[in-house]
Amino acid sequence: MPSQPPARGFTLIELLVVIAIMMTVLGLVGGGVVSGVARAEAQTEVISVYNLVKKSGVRAFTSGQPLVLSLDQNQAKLIGSNDQLISSVNYEHLLFEPQQVTFNSNGLPNLFAIGVQVRGKSQTLDLSSLFRRRTSDLAAVTDVS
């Protein structure tokens, strides 16, 4: 009587164990990935605020008129003369303390720090690095005259 060759393949139990291990690893890694994505989105919004402040200063300088950047809750509004709304930006991960940054006709702000909560953590955005060269250039011009 010929003997049958042993059956090849995996049992259902072996497949279930492998799937359970894979799902556990995926669950552990997936949480970190989602958190990393949210952290990257928040950092992108912070960079966006820096760009908005810089562009507001340039716009005030080129127009020769003062502008106001109003920050409140999750919204930033750039307001021109006659309370005209120039632009408005909503943020998902940032929460601002109510404050206003006024740019003079030279494009320089009255504040060099903005208070903000980034994903629930309070931070201060330092704007001085954006305007350091222009303030030193302005000081040099006023010293000469």
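Is one or more of the residues making up the range 125-134 under 30 Å from residue 38 (Cα atoms), of a type outside the set (D, E, K, R) and either in a strand (DSSP E or B) or at pLDDT 95 or above (or both)?
Yes, the conditions are met somewhere in the range 125-134.
How many residues does the range 1-34 hold that are more than 30 Å from residue 119 (Cα to Cα) and at pLDDT below 85?
Of the residues in that region, 10 qualify.
So how many residues does the range 70-99 have that are under 16 Å from residue 124 (Cα atoms), hydrophobic (A, V, I, L, M, F, W, C) and over 13 Å from the mean Cα position of the chain (by Cα)?
1
For the range 69-100, which positions are in contact with a Leu (Cβ under 7 Å, 6 or more places away or on another chain), part of a loop (DSSP other than H, G, I, E, B) and under 24 Å from residue 39 (Cβ atoms)?
Result: 74, single match.
Within the range 58-113, how many residues are of a type in the set (S, T, N, Q) and touching a Ser or Thr at 6+ places or on another chain (Cβ under 7 Å)?
Residues meeting the conditions: 4.
The values are calculated or read from the model by the stated rules, or taken from the named source; none is laboratory data. Here the structure is a predicted model, which is why all the values come from computation and not from measurement. Neighbour counts run over all protein chains shown; Cβ positions are idealised from the backbone, glycine included.
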